[in-house]
Structure formats: structure tokens, C-alpha cells
1. Just going by the charge dipole of the protein assembly as shown, with Lys and Arg at +1 and Asp and Glu at -1 on Cβ, which of B:ILE205, B:VAL186, A:LEU123 is farthest out on the positive end?
2. List B:LYS47, B:LYS127 from most exposed to least, where exposure is judged by having the fewest other Cβ atoms within 10 Å.
3. Can you give me the Rg/Rh ratio for chain B, using Cα atoms for both radii and the Kirkwood formula for Rh?
4. Got a sec? Which residues in region A:175-195 would a label at A:CYS42 touch, if it sits 7 Å along Cα→Cβ and we count backbone N under 14 Å?
5. Which of these, B:VAL186, B:VAL177, B:VAL241, has the largest mean-square fluctuation under a Gaussian network model of chain B (Cα springs below 10 Å)?
6. Give me a single rounded figure for B:92-103: the average over its residues of other chain Cβ atoms within 10 Å of their Cβ.
7. Once you charge only the Cβ atoms, +1 for Lys and Arg and -1 for Asp and Glu, what is the size of the charge dipole of chain B about its Cα centre, to the nearest 20 debye?
8. Using only Cα atoms, figure out Rg for chain A and give it as a multiple of 2.2 N^0.38 Å.
Amino acid sequence: MAEKEKIAISRTQSWYYTLRTIFWREFRSYLCTPFGWVILACAIGLQGFWLQAVLQTMSKATGESVMFYMLDNVNFWFFFIFIFPLITMRTMAEEESHGTLEVFLTAPVTTTQIILGKYIAALLFYIILWTPMLLYPWVSDLGNLYTALRYDITPEGRINYTPADWFGPISILTISGSFFIALGIFCSSLTRSQIIAGIVCTCSIIIYYFMGRVPELWGEFPAAPAFHYLSISEQISAFSRGLIDTRPLVLYVSLAVFTLALTKRVVDYRRWHR
Amino acid sequence: MSMVTVEHLHKVFGRFTAVKDATFSIEKGEIVGFLGPNGAGKTTTMKMLTGYLPPTTGTASIAGYDIIDKPLEARRHLGYMPENVPLYEDLRVTEYLEYRARLKGICGKSVRQQVGWVVDRCGLEPKRRNLIRTLSKGYRQRVGLADALLGNPDLLILDEPTNGLDPNQIRQIRELVRSLAEDHTVILSTHILSEVEMICNKVIIIDQGQIKANDTPQNLTRNLRAAGRVSIEFKGDLDVVVKELEAFEPVKKVIVEAPLPGGWHHVIVRAEPGTDTREKAADIIASHHFPMRHIYRHIPSLEDVFVEMTRKD
């Protein structure tokens, strides 16, 4: 004990230091467990499968970009909806069921830091899932080169693209993902069971998705513009055509902030009213 | 200044009152044993002190910082080891401790140095590279204790630190807590009363949410009902001896126990606390020339205090 008092402990009270610590632990837990790699492998496998399927369609029909064909169909949604619960269902539910939230919150850490740290880590992992997309232009070039060499120059067989065809989809997937990840963490904070968190999250995203489909079912009634504004499928088709719109950005960022604030309330409430 | 001040702390879960109007204070350097039957409110009180559970009414402060108004400052002075020690299963021991050290605001080279120190202190050296998932109960308990020690906090709150350990491990943890006492304030809850008698210089007994006693173990045992009790075994005329014993001034009651084989009688003499009736009782039996084989004055232990304070009847 005596020798310890000679060595002063360097301490910091920095808010960002704690946030960074939580972020790194969470991010590492995605990459240092088989769990994260299973999600990553599934996502990359499915993306490859679709790209291949879409390229086959493309050889018959032309006009739109590859990304449009890939994202603007129901198959994509089938997979897209399940990414978020998979990434986020553990975040808060596991802390609570293992009791580690107690150790967490008796350290000098605020609820906001915990939620933000977990959110940023999950969002970054989600963005990593889409990085293979950055290779598509290169794959397209390779394909075009192969076609050119094999069949001489045949314009019909070429994959036409502009940088906007890639930038658009990547940005809408990131922007909407920022909200869905927040929604997943919110669902995870509601319960101590990961399964329930995952189911609630999936259902919420499906409900949100179908809100955008309401005008298709009910026709163009007076409130229809609001549903068009929320429609994730319309946003994705616009963005994958290369149309960059700032309205979804505002929508999803404010929804994400709101959901995270709500999550903080829920975590505190559940602790205070046990 | 007191290390811990608790004023009228009250906690209600729905219709169940877990802690009723708890008021006590703990001075710097004290080792406090927190005793009570299961479900008495020990863990709840400890959780409130750490700021994890908010009190329904009342306040508490640690090192002068209110746990509700200044929770972060209060927690910086606190090391907490919860019951059952929840840990992240997927980390290695040193990884976990480094993470916890950073959460507690330790930075730079101090992280490694602090982790090395607590690993050394808690005997975790052979397991430092192991995954927490693979550790035995005893080592998990030590990881929890090591975590609480990180950053050398002024106050340690240990909730049943020896729960589920074998006698050797209990001894090691006890030695560790005793060595911490030199410059820490420690609050520990336990069911092992001999442990408290050995290491604590203050005892708080809580039952059904209420603080029943708050004193040194010596003071608690001194004024106990059981203190003046003498047990005697003899042969001869039981009625005569009982009558003469009851006539003696400090004796309150003579209880006749079931007769022992071989014609031996067994009586228990209850007297005023702090008196010794052994000499007089021996005289009475000797004056009748009855044989006597056993006379014993009960030395009150903390167990007697505990039973007396928390008994339901």
C-alpha cells in the first residue's frame, strides 16, 4: 500500500474519454466474437447473391442502374429488415439480463454515455456491412472489360453506371440505418430478453416500412403526402437512381436523436421504478 | 467529515417497503459489517448508496457528495462489488480490468499500473490471460473485488464478498479485506458472523428494513440478555437447588432442561447482564454435597446479538 501512494494515478474526468472507452468495448465485442462475423458473412453472402441475380436481369432489361434493381425489390427488404435486430438486440437487453448494467452504472458513467457509445459502435458495424458495395464499380468495370474482350464492343451488354448510382444508395442506407439502429437499441432497452427485443424491433421496422406503402393501398387521400414523406421504399428508389434529397436526412437524423433520447428515459425509468 | 452519511433513507417497491427510515453514518477508516436476515434490505441499502437504485425519500452522501445531486463525484470515491459479481463473459481478466479502469477515468500509463496492482493484490496472476467465462466462482469473486479496488477508492462496498467460496478462499478474502482496512473505509455484508467479529470494528444490524443496531461488536454483546447465562449439570435433589438458586438476588429465572442419562440434572440460570452467578451456584450445590460435573458461563457472541435482534417471536 505504501509503495502505491508514491505513484500518483493519472485520472481524467473527460466526457469523451469515457464515451470512447465504451465505444471501443462495444465495437470490439462485434469483431471479437463469432456473432459479429456471422452477421458479416451472411450480409456479404446475400449481397453477392443479389448482385449476381441482378446482373442476370440486367442482361435482359436495361435503362436503370444496378443499384436500383438491387434495392428496389422485396427480396432486399426481406434481408434488410433483419439486419437491425441482429446487430442491436444484444446491446441493452444483455446488460440487463447479465446484471452488468449495475456494475456499469456504479462507475462514474452516465446513461447518455452508455447509450451513445453503444449506438456509435452499432452504427459503425452496420456501415461496415455495406463496405463491399464500394467494390461494385470495380466489379462492373471488370465485367465490362470481360464483355468487351469476349464479344467485341456490344453496348447492350455493358453495365452503365455513374458515381451517383453508388453514392446515392450508400448514403440512404447509412442515413436510414442511423434511425433503425437507434430504434433497435430502444427496443433492446425495453426488455431483458434478447429475443423479445429482436421481435419488437423487427415488427417496428415492418410497420414503418408499410406506413410508406399506405398510399398504394388507400389511394391519394389528403394525408397521403405525409406517408410519401415517410416512405423508405420511395426514398431508396430515388436515392438509388442517384437523386440525393436532404429531406430524408433531416427526417432520419431527428428520428434517431428522438429515439436515443427516449432510450435514455427508458433505461433510467426501468432502473428507478424497479 | 464522515465518509458515508445516510439520512432517513426510505425505499418502497410497489407495496413492499424494503428500507424504512435508515439513518447512520460511517467514519473514515471504519470497517462496517452489515448484517441481517435474507431479504432484510441489506442489498437494497447498498445499491442505494452506490447510486444504482434511487431512494424513495431521504438522502445519502459519500465523501461529502450527495448521491443524487452529484452522482458522478460520489461514484468516483466508491468501489462496489455486487452480489453474484456480474462480469462480461467474453473478455479476458486483464482486458476486463483495463476496461473498468478506463471507465473509472484512469488514463495513460496508470491503467496498466493499476491493473497490475489489483491483479497482484487479489491473487489473479495465474488467471490474468483467461477468459472470464472459464473462471471458477472463487476467481470471479476476486475479479469483482479487483474491479472494486481499481483507482484506490476511499470507500469499498462489498456485497457478500465471501458468498459461495470454500473456507480457504474465505480466509484469503478476509485477509485481503483486513489489509485494505489500513487506508480504506469498507462496508461489507455477510452471513458469516465470525467473519464480522474478526474484521469489523462496527456492526449495523438491519431487519425488515429497519436498522436495529449500530455499534461496535463489544458494546453490542455487553448488554445482551444471554450474557449472564450459566449452565450447570449436577446430581441430587433438583427442587432444593432450584429454590435456593432462585432466591439469589441477580438470578431472574432458573430453567430446568431435560434430565441427562445417569441421573444428571441440567439447569440454566438466567441472571442480570454483567453478573457472574457461578460462585454462588457452586456454593449452593457444594453445601448439599451434591456432585457437580459442569458449570459454564455463556460468553455472548455476535450470533446471540443477531438472533436476539432479528428473532421473529
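No value in this document is a laboratory result; all are computed from the given coordinates. Because the structure is predicted, anything quoted here is derived from the model rather than measured. Using ideal geometry, Cβ is built from the backbone for each residue, glycine included, and neighbour counts are taken over all protein chains shown.
1. A:LEU123
2. In increasing order of surrounding Cβ atoms, one gets B:LYS127, B:LYS47.
3. When Rh is taken as the Kirkwood radius, the ratio is 1.12.
4. Residues A:195 qualify, since their backbone N sits under 14 Å from the label point.
5. B:VAL241
6. Across B:92-103, the average partner-chain Cβ count within 10 Å equals 3.
7. With only Lys, Arg, Asp and Glu charged at Cβ, the dipole is about 1080 debye.
8. Numbers: Rg = 22.3 Å, N = 274, 2.2 N^0.38 = 18.6 Å.
With N residues counted in chain A, Rg over 2.2 N^0.38 Å equals 1.20.
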